[in-house]
Amino acid sequence: MTTFKDLLSKETQTQLKEMGGKSTTKSETDTNGKPTTANIMGKKEVANQVKRLNSDLIDDDKVLFMQAMSGVTPLKHEKSITQKPTKNSNEALFRRANAEGVDNMDNTTLSDMQALLNPVAGEAFLSYKHPTLQNKVFEQLRQGKLRWYDAVDLHGASIDEARNAILTLINNAKKNGETVVKIVHGKGMDAIIKTCVNGWLRQISDVMAFVSAPAKDGGNGAVLVLIKKQKTA
C-alpha cells in the first residue's frame, strides 16, 4: 500500500516533522474578519484529533499530513464528467527525468511545501492564467480547442517522480517548439499529486496557463498546459 510517506519527498518529510512541534492557536484576520494564515496543529492537538476520530486508518503519515494541512481550505470546484485518459510512454519519461535530474532542466527549482500548503480537492476544477496572456487564447485552451502534443500520466508516481516527469515534459516541449501538453494527475482520496501539479505549474515561468481538461481529455483528472512560445534563433 502506498502511504503519504512514500509520496512525499525526503525534504518535505523533514519540513513537516519540524512543523510538528509547533502550534499556532490564533489566526490573523484581514479587515473582513477572514483568516489570512492557517493554524498548524501541534502534536498534542493532532493526538486529540486522532483520539476523537478513533480510527485505525489514522497513522503517522496521516498525522504529518494533518499537521501540514490544518486550517487550510481547499479551493472551490466545479463538477465535471471525467473520462479515463489513455496512458502514454511514461516509463521512458520517468527514466529520462531521473537520468537528467532536476538541476539540469533550466535550473528550475520547485517548492513542494508551497504546493502542499495550498491543497485542492480531488474534484476541483484547476485554472491559472498569466496576466499577459490574451483572454481569447486562454478560452481556447479551456475549451480544448488547442492541440496538445505530448502527455504524461502520473498515476502511481511519487512526488519526486512526478516533479521530474513534469519538468522533463515541459523541457522537451520547449526544445521541440510545442506549446500545449497534457498532464494526467488523477484525483485520489487526498489528491496529493493533483495538489502538487497545481502548485508546481504556477512556479514555472514558461507556463502561461493551465486548466482542467475537457471530459474527453480526462476532465478534472488532468490539466492542459500552455507553454510560452520559444523565440527562434
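Taken together, the values in this text are just the output of simple stated rules run on the coordinates, not laboratory data. Bear in mind the structure is a predicted one, so any value in this text is a computation, not a measurement. Please note: Cβ atoms are built from the backbone with ideal geometry, for glycine as well, and neighbour counts cover all protein chains shown.
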Please state, to two decimals, what the Cα-based radius of gyration of region 90-227 comes to when divided by 2.2 N^0.38 Å (N = residues).
0.96
XL table LYS145/LYS175; LYS187/LYS231; LYS194/LYS231; LYS187/LYS229; LYS129/LYS194; LYS136/LYS187; Cα-Cα > 25 Å flagged, in table order, is LYS187/LYS231; LYS194/LYS231; LYS187/LYS229; LYS136/LYS187
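Suppose R0 equals 22 Å. What FRET efficiency, 1/(1 + (r/R0)^6) with r the Cβ-Cβ distance, do VAL137 and ASN176 give to the nearest 0.05?
On the way: r = 20 Å, r/R0 = 0.90.
Plugging the Cβ-Cβ distance into 1/(1 + (r/R0)^6) gives 0.65.
Compute the length gained on full extension between HIS130 and MET189: take 0.36 nm times their separation in residues and subtract their Cα-Cα distance, giving the result in nm to one decimal.
On the way: separation 59, 0.36 × 59 = 21.24 nm, distance 2.94 nm.
So the extension gain works out to 18.3 nm.
In nm, what is the difference between 0.36 nm times the number of residues separating LYS228 and LEU117 and their Cα-Cα distance?
On the way: separation 111, 0.36 × 111 = 39.96 nm, distance 2.66 nm.
Between LYS228 and LEU117, full extension yields 37.3 nm more.
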